[in-house]
Amino acid sequence: MAWPAAATSLDYQQAYNDCLAKAGGINNGTVEACSSVTSEHAKAEMTRLYRAFYRKLLAENANDAARLERAQKAWLVYRDLHCELAGSYVGSPMYSFCPMQLNIDRVIELRELVGQ
């Protein structure tokens with residue numbers, strides 16, 4: 001799948017939907033493949049945003065930088081445990097779809113924090 005160059009303006013949900021359409025529709029395999037690819041792109045932006053904001057906070061207020069770090073670590077634990085549970089009860093596509101959805105949500109939250 002071709003991804004737009006500007007990650008910060010990427011509509012991940014639309015990219016996921018486009019991937020499914022290109023793959024021929026929804027089934028366990030396409031959900032897993034498309035959500036995994038989309039999730040990787042969202043994680044890359046999440047990491048970039050987190051690191052930039054952390055460095056900014058570290059220069060301005062070390063306590064806030066530490067709080068951001070604790071929040072991100074807690075969020076990662078939440079994401080992993082929540083999606084493991086969702087996969088157990090909803091089914092195998094949730095093991096990739098759930099993290100994608102939560103990663104997209106976290107990107108939106110971090111964009112908000114950094115003013116994008």
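The numbers here are math on the coordinates, done by the rules we state, and not lab data. Just so it is clear, the model here is predicted, and its values are computed rather than measured. Positions of Cβ are generated from backbone atoms using ideal geometry, with glycine treated the same way; all protein chains shown enter the neighbour counts.
The table below lists the values:
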quantity: Contour excess over end-to-end distance, with Cα ends at Val77 and Lys43 and 0.36 nm allotted per residue; calculated: 10.8 nm
quantity: Burial ordering of Glu112, Glu32, fewest other beta-carbon atoms within 10 Å first; calculated: Glu112, Glu32
quantity: Segment 11-114, relative contact order [Cα under 8 Å, separation at least 6], %; calculated: 39 percent
quantity: Per residue convex hull volume, Cα atoms of the chain, in Å³; calculated: 82 Å³
quantity: Reachable aspartates and glutamates, given that their alpha-carbon falls under 17 Å from the alpha-carbon of Lys43 and they are not under 8 places away in the same chain; calculated: Asp11, Glu32, Glu69, Asp80, Asp105, Glu109, Glu112
quantity: Calculated from backbone phi, Karplus (6.51, -1.76, 1.60) coupling profile of segment 61-78 in Hz, x at Gly/Pro; calculated: 7, 4, 5, 5, 4, 5, 5, 4, 4, 4, 4, 5, 4, 5, 4, 4, 5, 4
quantity: Only Lys, Arg (+1) and Asp, Glu (-1) charged, at Cβ; the chain dipole about Cα centre in debye; calculated: 300 debye
